[in-house]
Structures are given as structure tokens and as C-alpha cells.
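Worksheet for the structure shown next.
The values are calculated or read from the model by the stated rules, or taken from the named source; none is laboratory data. It should be emphasised that the depicted structure is a prediction, and the values quoted were computed from it without experimental measurement. Every residue, glycine among them, receives a Cβ derived from its backbone with ideal geometry; neighbour counts consider all protein chains shown. For the accessible areas, the whole protein counts, side chains as well, though only heavy atoms, and no ligand, DNA or RNA atoms are used. Shrake-Rupley method; radii C 1.70, N 1.55, O 1.52, S 1.80 Å.
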Amino acid sequence: MEFGLTQEQRQIRDEVRKFAENEIRPVASEYDREEKYPHEVVDEAAKMGLLGAHIPMEYGGAGYSTLESMLISEELFAADPGIGLCVISSSFGTEAIVEYGTEEQKEEYLEPVARGDAITGAAITEPHAGSDVSAISTSAEKDGDEWVINGNKMWITNGTVADYVVVLCETDPDAEGRYNGFSQIIVETDRDGFTAEKITGKMGIRASDTAELILDDVRVPEENLIGTRGAGFLQQMQFFDATRTGVAAQGVGIARGAAERALEYAEEREQFGKSIGEFQAIQHKLSEMFTDIEAARLLTLKSAWAVENDSEANLTKLASMAKEFGSRIAVEVADEALQIHGGSGYVDDFDVERFYRDAKITQIYEGTTEIQKNIIARELQGKGIV
């Protein structure tokens, strides 16, 4: 087994770590407190080629593999989960265009994202349809050479800052089969009938924009359909292995960021005439935290490798294992890191308070912990992958 990174991958990791330390960490508290989208930081990330890192080079992207994207996510989230999410989510929805879009769609929608001239979003979840994606009711009806879209989307990342969103909607209500009849359609956010309302008061990842979308007779041209009509749900499912692996990497980054800050604090904080890091109770906490992080990282990297190379049909199981474990470790390590800080960790003078709040979302989005366990069990029993 080869556990080492290539020279290029190490260079990517080191450059992103330097960027995160210099551009993200100093301003993280400001954007968190103000629940403000960090346009300036995202612009700087664009100059480094970090936006749409998965977008192929022929469309202006870096063309990074899933594993390389995971390295980027860990470094960004170790600096600050909220701003880190803003950077990696700037291209949400473009995965579908890369895989299923026409050449015209790729040129029109991918290149601006890679340059940092456009922000995107993926509009899937609805107020009544979260884990049960097939329960969505947003509809798109054909009217001449246009689609007319009506519906309500909820918890949409980049909802108020996006230039366009990829909307999953029902286009063929009479189609047979629970997962048929859905399509993905590109909707520019300046279209008549499209409104977005920012959701405030989130517990964590407060720098990241989250919104409710209303689509009221929004008209888009028929060429905005991505791929085959009626195949949108199955298209969307193809990306969950990669995106859930991505959340696992986020969890590793959050855990590492919290643990590193706890280690620094333990070395500096003195009680009873010596640093608290000299007490065995604290040493054991730190030992367990960093061991769990290493285990989560290895599982995440294995899942990322499998996205590109899997030949044993166990990718979905691995991705759900990585997502469930990585997010659990994020929450547990952040909790212990705050405990090491004591009362100081309970106020926002220290980063660990923010990491504690930010960690929880990784157990919710891209499929809850409970859904991941259901998928793992189903895979173990050989009952399919959907």
C-alpha cells in the first residue's frame, strides 16, 4: 500500500495551507459574527485557482482529482469552516454540467466560475423534502421552447449570492418509477419570478450564504435542461459518493483545526504551577483526538481514491462510512477541544467556540448521520446503492 502523497499533491496542500493561514484565519471571526459572505476572500481564492477545482482545465479549472479536492477541503476547514465552505461551494451544481452538460453549457457556465466571475448553487432540498429527495414538488412544465418553473427550495447554499443555480424539479409527473420524471435545469438568478431570502441566525458556518428560494413562473429556455429529460434524480445520485467524501474531509479539517488550537492552549495555559498539557488527563484527551483525526483522514482518503479508482463496487459504502465517521469525529473532537479550553472556550475570544458550532452541520447536510448508517447497512446486505 502506498500512503504517501505525490510531490504535486503535497505542493497543493502546502500552498492551500499558506493561503488559509494568511487570508482566512485572520478574518474568520469577523465574517462569522456579521454573518457576511466573504467576497474578498473568495476573490483571492479565485486567483489561486481554488474555485471549481474539479472543473476540467479546458474550461478554465484546475482539473483536480477527488483526492486533491479533499486535501484542499481539509486545509480550508482547518482554518475556518464557514469561509472554507464559501470557497469550495462557489461551484456547487457545476458537477452536473461537467458530467452531463452540452458543450455550449460548459463554455457558458463553467468558465466564469473557474475565473471567479460567477457563483453557483445546487437547489435540491425543499421545506418538506430533505432526506427524501424524490419527494420534491418543484415543477417544470414545457411551454413552447421554454421551461416554466414553480416551487420552493430551502437551505440552499449561495442562494442570495449565486449567479445561477441548478434546480432539481419534476418534469414528467406521470413517469413510472419513484426516481424517474425529474430533471436538472439551469436557472439564472436574475430571471423574473426568482427570489431568494437569506436565512440568518444559523448556529454555525455563518459566513456561508444560505437561503430559501421561491420560483414563481420562472421561464428559462429549453436548452437550460442538463442531460436527459427525466434522468435528473439518477444524475444527482451519481455525485453523492464524491460530495459525501467531501463532507468527510470537511470533518477532518474541522477536527484538526479544533485539536491544533486545543494543543496550543494546553501548552500555554498554566494551573497549579505548570501547563495543563502536562497533566495526564489532558494528554489522554489530546492523544485520542489526534488518533481519531488520523483514522478519519485515512478513511476519507481511501474513499476519495475509490471515487477515481474503485473496481469492487464498494464506493457508496466507503463514502457513507467516511462521511459518518468524519462528521462524528468533527463533533467529538470539537467538544473535547472546547473542554480543554474550559471557560475560555465558551466565549468567542477563542476560535474553538466557532469550531464547536460549525462542526454539527457535517452530521446534517449531504445526508444525515442516520441516512449514512442506513446506506452502510443496505450495502452490507447487498440491497443496492440508491
Q | Relative contact order computed over the stretch 2-127 (Cα-Cα under 8 Å; 6+ residues apart), in percent | A | 28 percent
Q | Rg/Rh ratio calculated on Cα atoms of the stretch 108-215 (Kirkwood radius) | A | 0.98
Q: In debye, nearest 20, what is the charge dipole magnitude of the stretch 307-384 about its Cα centre with +1 on Lys and Arg Cβ and -1 on Asp and Glu Cβ, if you could check?
A: 420 debye
**Q.** Vicinal HN-Hα couplings computed from phi for the stretch 87-98 (Karplus, 6.51 cos²θ - 1.76 cosθ + 1.60; Hz; Gly/Pro x)
**A.** 5, 6, 8, 4, 10, 3, x, 6, 4, 5, 5, 4
(Q) Starting from a Cα-only point model with no solvent, please compute log10 I(q)/I(0) by Debye for the chain at q = 0.10 1/Å. (A) -0.64
Q: Just need log10 I(q)/I(0) for the stretch 33-187 at q = 0.09, 0.19, 0.20 Å⁻¹, Debye formula, equal scatterers on the alpha-carbon atoms, no solvent, rounded to two decimals.
A: -0.32, -1.20, -1.27
Q.
Among VAL167, GLY130, PRO112, whose Cα projects farthest towards the positive end of the dipole of the stretch 80-170, with charges put on the beta-carbon of Lys, Arg (+1) and Asp, Glu (-1)?
A. GLY130
(Q) Using the basic label-point model (7 angstrom from Cα toward the beta carbon), what is the ASP190 to THR291 distance in nanometres? (A) 5.7 nm
Q: Provide the packing ranking of 172-184, 349-361, i.e. peptides ordered by the mean count of other C-beta atoms within 10 Å per residue, highest first.
A: 349-361, 172-184
Q. Going from most exposed to least, what order do PHE77, PHE194 have by accessible area with a 1.4 Å probe?
A. PHE194, PHE77
Q. Relative contact order, percent, of the chain when contacts are C-alpha pairs under 8 Å separated by at least 6 residues?
A. 16 percent
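Whenever you get a sec, line up SER139, SER208 from highest to lowest accessible area (probe 1.4 Å, protein heavy atoms).
Descending accessible area places them as SER139, SER208.
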Q) Taking a 30 Å limit on the Cα-Cα distance, which of the listed pairs LYS142/LYS373; LYS106/LYS202; LYS47/LYS106 fall beyond it? A) LYS142/LYS373; LYS106/LYS202
Q. Whose amide H sits under 5 Å from the amide H of ILE199, counting only residues 5 or more places off or on another chain, with H placed in the peptide plane?
A. THR210, ALA211, GLU212
Q: Only Cα pairs under 8 Å and at least 6 apart count here; give the relative contact order of the stretch 289-359 as a rounded whole percent.
A: 28 percent
Q: Using a 1.4 angstrom probe on heavy atoms only, work out the carbon and sulfur share of the accessible area of the chain in %.
A: 47 percent
Q) Karplus couplings for the stretch 115-120 from phi (6.51 cos²θ - 1.76 cosθ + 1.60, θ = phi - 60°), rounded to Hz, Gly and Pro as x? A) 6, x, 8, 8, 10, 10
Q: With a 10 Å radius around each residue's Cβ, average the other Cβ atoms per peptide and rank 336-346, 116-126, highest first.
A: 116-126, 336-346
Q) So what's the back-of-envelope 222 nm ellipticity for the chain, counting only DSSP H runs of four-plus at -39500 (n - 2.57) apiece and dividing by all residues, rounded to 500? A) -14500 deg cm²/dmol
**Q.** Cross-link reach list, lysines versus LYS274, counting only Cα pairs under 20 Å and skipping chain neighbours closer than eight places
**A.** LYS285
Q: Mind listing the long-range amide H neighbours of TYR37? Cut-off is under 5 Å, sequence gap 5 or more, other chains count too, H placed in the peptide plane at 1.01 Å from N.
A: none
Q) To the nearest 10 square angstrom, how much accessible area does LYS106 have with a 1.4 angstrom probe? A) 40 Å²
Q) Using a 1.4 angstrom probe and counting only protein chains, how large is the accessible area of THR200 in Å², to 10? A) 90 Å²
Q. Taking only Cα atoms, what is the 0 to 90° angle, nearest 10, from helix 7-19's long axis to the longest principal axis of the chain?
A. 80 degrees
